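Enquirer: Pasting a structure here, questions to come.
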Amino acid sequence: MILSTHLVRTNRKQRASSLLFVFCLFLIISCNKEVTRPLTALEARGKSSYMSNCIACHNPDPRLSGSIGPDVANSSFELLSARILRKTYPPGYKPKRETAVMPALPMLENDIPAIHAYLNSFKN
Ligand code: HEC
């Protein structure tokens, strides 16, 4: 009788600790912000173009400010075209910085749709 009560108690303790373990695992997984959906082919092309052409000045994580350039995640197609092709802004757009350091990069014209797709992949 004493033995069986002891066994039940241990099992309950074990069950409680495995439940706690599963709960912690769930918390860790659900709090991990890096768990995102995989990029589409177009977004992946945009990411590699961004990493090659933009991160000298912008942050490798486009949601953050870079060494010289501001955050650029969620930029519109019009803004990217104006900035990359013509070194201008769309009419009425209020720039994040007053400076005019960024050169036009017209050779990247064909990459703009991909860069746009990548920079807009951060919306969930
Ligand atoms: C030589 C450094 C440099 C490079 C390379 C560069 N940028 Fe910039 N970018 C800047 C700076 C600095 C600004 C702030 C305005 C200015 O001074 O021209 C800016 C502004 C911008 C803006 C406007 C942000 C806003 O909302 O006001 C966008 C969009 C942008 N860059 C995208 C890009 C993309 C995409 C690339 C790569 C294809 C790129 N930039 C390459 C330095 C750079």
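None of the figures in this text is laboratory data; all of them are computed from the coordinates on show. Remember, it's a predicted structure, so these values are computed and weren't measured experimentally. Please note: Cβ atoms are built from the backbone with ideal geometry, for glycine as well, and neighbour counts cover all protein chains shown.
Enquirer: Compute the length gained on full extension between I68 and S48: take 0.36 nm times their separation in residues and subtract their Cα-Cα distance, giving the result in nm to one decimal.
Expert: So the chain would gain 5.2 nm between I68 and S48.
Enquirer: Excluding residues fewer than 8 places away in the same chain, name every one of the aspartates and glutamates whose C-alpha is closer than 20 Å to that of K94.
Expert: K94 reaches D71, E78.
Enquirer: Do any GluC sites (Glu not before Pro) in the range 61-115 lie in a loop, going by DSSP, with at most 15 other beta-carbon atoms within 10 Å of their beta carbon, and if so which?
Expert: Passing sites in the range 61-115 are E98.
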